[in-house]
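The values are calculated or read from the model by the stated rules, or taken from the named source; none is laboratory data. Bear in mind that the values here come from a model prediction, so they are computed numbers and not experimental data. Quick reminder, even Gly has a Cβ in these numbers, built from the backbone with ideal geometry, and neighbours come from all protein chains shown.
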Ligand code: ADP
Ligand code: MG
């Protein structure tokens, strides 16, 4: 399949090319792999009088009137299109899409495809897909693409057709016929033709199956390679069995839970082996993961090696540093802190000490993976809150040593379906027991009018000597968003809770200032901390027993769970108030789920259901491509066979150089976003 630039298509000039670029379409290949969002199925066309509430259908109607309304509240635009066919009238509504009014001409006929809403004799369709061709396209199923303003489906169909013509008759196939046969796949060319202009539902299904298969296979292969550094033949530093941490553990203020002991055993065994550990530690918020990291690092250091603990935020890294440093000092273990905010002189000294081996344990942010950081004998790397890092960052850290043992810790339970793919070959340890005496966090969704009572409750907690978090979505007030900002809430609460002390914390403050405030909160000098999500992960102040989240509708489920996890970390009863000022259904669902459970696993599963996995991958897992067509929550059943297939390929030809598999290599490199290196070299 030869690629060429999109501008080679008739009708695509510089202006259209610019718009297409917004969709990341610059070449024919990009166009082929730009999949429809939905299909307009003309075989399901109904007349207006036949419509019933909830029908997903196509209608062919003539436009009578185009009206632009303006909502006063919320300043939402509403575009109304009144249309009719021989049997009745319908109102078609688009929100915040005035530009679409140019797509319609009064008196012309259009097809609309969407969900009909029928009530009290009124028929409506909200945000349907539409097209203005009824004549030239006799095909029953037409694709609808997720376009941007300025592009029409009609134009896009033409371009896609032209691009697809170039695909014809060259029959190249990058998957070997064994694979095609085994998984009963259609050819890639057939799949691409039919995903865009399916000849039938059946063919569309075949096409989709093939493309989903490809995407998941490439994803799986790529992830295998990304972590290839940890494969079997590599020799790791093995710690002597004589190294125990008993003395160190007895310096803790508490007894380890059974789960903690079990996990430490698992990790110790791994570290004594000459095969590098590659382990995921899952434990819900507050389950005591830090202690595990602490003990593992202690062992590495007493064995005479170096260890690293990397955290996603500076605040969390600091917290770990302060704690661990203190606990290691009596045992003669030297700890260093490394983050982007170090002064250059300080940094130079730290780098020197790491290189010479003067420092045993390095704790910091992703500044640790920068090129200038060189270790003497790194044996163990730990990433805390792994879900905030990408796969690539984890691997980069591992490359700082010669096959170090790897432990990744996460509180955000990754739904099993995702874990299979992302951490498929990692061993998994689970902390399924909270330290004793924890009480479930009582969560209440509060409507804005009852906010006062929630704040009164906070005051009563403060009077009992406890501390509180108030979380807001924004730092400052914004003209365009009607949300509570940290600054305005801070001003209000400072007065309200006087003489108790309120402080503010957010991401754009100077590091020294953040440190100062966190310190005074840790030490209990500050009773109320108004903050943005900078406290989302890891922060541990057990005396804080109440959290209030303003505009909770602005936060995702996983995020809410993480935030809430900042309280309930001691023996006292803890409380969480969610102020929901949103009107949308999903926000409400999220709030209700939060009210009903504190179980991270349930929350993660629900999260996946509500927002789909694309987002989880796209925004968080740098280095992992956005899935275009596969949906891990829907295609779970495929994962097993695909993983096996991927393993087989790698077993047979780890470098993908055989004739059988080498075409996959090119695909793979195109599929993964540029990671700065051809990751296939690392086999
Ligand atoms: P997370 O798993 O969320 O990282 P932390 O490691 O921060 O949790 O631990 C949460 C709190 O529980 C900390 O205050 C920690 O000191 C405490 N903790 C950890 N393990 C135990 C234990 N076995 N008994 C009592 N408290 C513990
Ligand atoms: Mg933690």
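Data overview
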{"quantity": "Filtered residue count, region 527-547, keeping only those that are within 19 Å of residue 323 (Cβ to Cβ) and away from ligand 1 (no atom under 15 Å from the Cβ)", "calculated": "2"}
{"quantity": "Matching option when the condition is free of Cβ contacts under 8 Å to residues at least 60 places away in the same chain, within 16 Å of ligand 2 (Cβ to nearest atom) and either assigned to a helix (DSSP H, G or I) or not assigned by TED's automatic domain parsing to the domain that holds residue 565 (or both), among 294, 260, 282", "calculated": "294"}
{"quantity": "Residue tally, condition in contact with a helix residue (DSSP H, G or I) (Cβ under 7 Å, 6 or more places away or on another chain), modelled with pLDDT of 95 or more and within 8 Å of ligand 1 (Cβ to nearest atom), over region 253-287", "calculated": "2"}
{"quantity": "Qualifying residue in region 482-493 (condition: out of contact with any strand residue (DSSP E or B) (no Cβ under 7 Å at 6 or more places or on another chain), over 18 Å from residue 554 (Cβ atoms) and either in contact (Cβ under 8 Å) with a residue 60 or more places away in the chain or not assigned by TED's automatic domain parsing to the domain that holds residue 555 (or both))", "calculated": "no"}
{"quantity": "Boolean, residue 587 is farther than 20 Å from residue 434 by Cβ and more than 16 Å from ligand 2 (Cβ to nearest atom)", "calculated": "yes"}
{"quantity": "Output for region 510-535, where each listed residue is over 26 Å from residue 584 (Cα atoms) and part of a strand (DSSP E or B)", "calculated": "528, 529"}
{"quantity": "Number of the condition not met by residue 324 [criteria: (1) within 16 Å of ligand 2 (Cβ to nearest atom); (2) surrounded by fewer than 19 Cβ atoms within 10 Å (Cβ to Cβ); (3) free of Cβ contacts under 8 Å to residues at least 60 places away in the same chain]", "calculated": "(2)"}
{"quantity": "Contacts under 7 angstrom Cβ, first residue in region 535-559 being on the phi > 0 side of the Ramachandran plot, partner within 16 Å of ligand 1 (Cβ to nearest atom) and outside any strand (DSSP E or B), 6 or more apart", "calculated": "538/311; 538/316; 538/319; 538/384; 538/385"}
{"quantity": "Which listed residue, of 507, 538, is part of a loop (DSSP other than H, G, I, E, B) and either closer than 21 Å to residue 442 by Cα or within 16 Å of ligand 2 (Cβ to nearest atom) (or both)", "calculated": "538"}
{"quantity": "Hey, residue 122 at pLDDT 90 or above and under 18 Å from residue 194 (Cα atoms) or not", "calculated": "no"}
{"quantity": "Residue identified as over 38 Å from the mean Cα position of the chain (by Cα), surrounded by fewer than 17 Cβ atoms within 10 Å (Cβ to Cβ) and not in a strand (DSSP E or B) among 107, 54", "calculated": "107"}
{"quantity": "Residue among 303, 307 that is away from ligand 1 (no atom under 15 Å from the Cβ), under 26 Å from residue 358 (Cα atoms) and crowded, with 24+ Cβ neighbours inside 10 Å", "calculated": "307"}
{"quantity": "Criterion violated by residue 313 - all others in (1) surrounded by fewer than 24 Cβ atoms within 10 Å (Cβ to Cβ); (2) within 15 Å of ligand 2 (Cβ to nearest atom); (3) at pLDDT 90 or above satisfied", "calculated": "(3)"}
{"quantity": "Of all residues making up region 233-252, the number that are touching a helix residue (DSSP H, G or I) at 6+ places or on another chain (Cβ under 9 Å) and either within 16 Å of ligand 1 (Cβ to nearest atom) or outside any loop (DSSP other than H, G, I, E, B) (or both)", "calculated": "6"}
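A quick yes/no check of all residues on (1) out of contact with any strand residue (DSSP E or B) (no Cβ under 7 Å at 6 or more places or on another chain); (2) assigned to a loop (DSSP other than H, G, I, E, B):
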site	(1), (2)
11	yes, yes
16	yes, no
20	yes, no
25	yes, yes
35	yes, yes
39	no, no
43	yes, no
